[in-house]
């Protein structure tokens, strides 16, 4: 019996690597879509690179997506690719819109033209809630994005709904709240903190410069969250889901937990730097994943404290190895 085929865009990212592992373990033939770039970073998938295939495609190029779907004939498409670093979205708002908004449309249009029976997952984001209109945020909470990234994600979310309702495509969005891991990019605040803590512990630097310590986020472990993506595409009917832990922590709490892992007082090392304050801040995000628990049977396994400890330990190990 032929293996089910899954196409994963953004395969070199944090979520792409964890999702590819999960799908391989479930017996899929996994194909990762990568852009033709001279600086592609394969570090996150190096350990599984021999187990799946990489193919070229680009969310900016409609024809490349159509050709790829015609060639590989996937049963499932997971669209994780995006310009996903929020601060960069102010510096590159048009490019962010091209990838994170119109890129979704191009992929959905490719699905519609090539094979409307393909099941499609769109990576939506809690940043769509932005200046939140209710707490906690659930599937019915109105969106109020506060960054070009958040705005682009709202477009991607609604175009997914539109293709589902217009063309009867099995297209769903996972509204994932912040999810982190040792594979998170160093530019993201969680990894910046755990890497900084490891460097300070090892005497490689003395201070860590951060922005708003009072911002609150609902942080979970990326390895748990990719399981929810897969579960969404196995349901009898397409629905959108909030994926979250339901518990919010401040950046200050995350800093204290990370420094606590190595027995240091964070207040002796952290400096608040105005250059890291966003033009429009999102103060508090916390998700209500009741629907996902009831319908998907999903709930997070790794706690906030376990996630932070895991990240600090991995950064210590990496830096010691040099």
> For helix 222-232, what angle does its Cα long axis make with the longest principal axis of the chain, in degrees from 0 to 90 and rounded to 10?
Replying inline: 20
> Can you give the relative contact order of segment 215-299 as a percent, counting alpha carbon pairs under 8 Å and 6+ residues apart?
Replying inline: 46
> Could you put 114, 30 in order, starting from the residue whose Cβ has the fewest other Cβ atoms within 10 Å?
Replying inline: 114, 30
> If you average the sequence gap of Cα pairs under 8 Å that are 6 or more apart and divide by the length of segment 1-125, what percent do you get for the contact order?
Replying inline: 28
> Given only helices, namely DSSP H runs of n ≥ 4 each adding -39500 (n - 2.57), what is the per-residue ellipticity at 222 nm of the chain, to the nearest 500 deg cm²/dmol?
Replying inline: -11500 deg cm²/dmol
> When ranked by the protection proxy of mean other Cβ atoms within 10 Å per residue, highest first, what sequence do the peptides 176-189, 253-266, 43-56 form?
Replying inline: 176-189, 253-266, 43-56
> What's the extension gain from residue 53 to residue 140 if we count 0.36 nm per residue and subtract their Cα-Cα distance?
Replying inline: 27.6 nm
>> Taking 0.36 nm per residue of sequence separation and subtracting the Cα-Cα distance, how much length would be gained by fully extending the chain between residue 117 and residue 162, in nm to one decimal?
In response: 14.6 nm
> How much of the DSSP beta bridge set in the chain is antiparallel, as a percent to the nearest 5?
Replying inline: 5
> What is the gain in length, in nm to one decimal, between residue 61 and residue 262 on full extension, counting 0.36 nm per residue of separation less the C-alpha to C-alpha distance?
Replying inline: 67.7 nm
> How would you rank 89, 206, 166, going from fewest to most other Cβ atoms within 10 Å of each one's own Cβ?
Replying inline: 206, 166, 89
> Relative contact order, percent, of segment 157-212 when contacts are C-alpha pairs under 8 Å separated by at least 6 residues?
Replying inline: 17
>> Using a Förster radius of 22 Å, what is the FRET efficiency between residue 199 and residue 250 based on their Cβ-Cβ separation? Nearest 0.05, please.
In response: 0.50
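FYI, it's all coordinate maths here, none of it is from the lab. Source: prediction; values computed, not measured. Cβ coordinates were reconstructed from backbone atoms using ideal geometry, including for glycine residues, and neighbour counts include every protein chain displayed.
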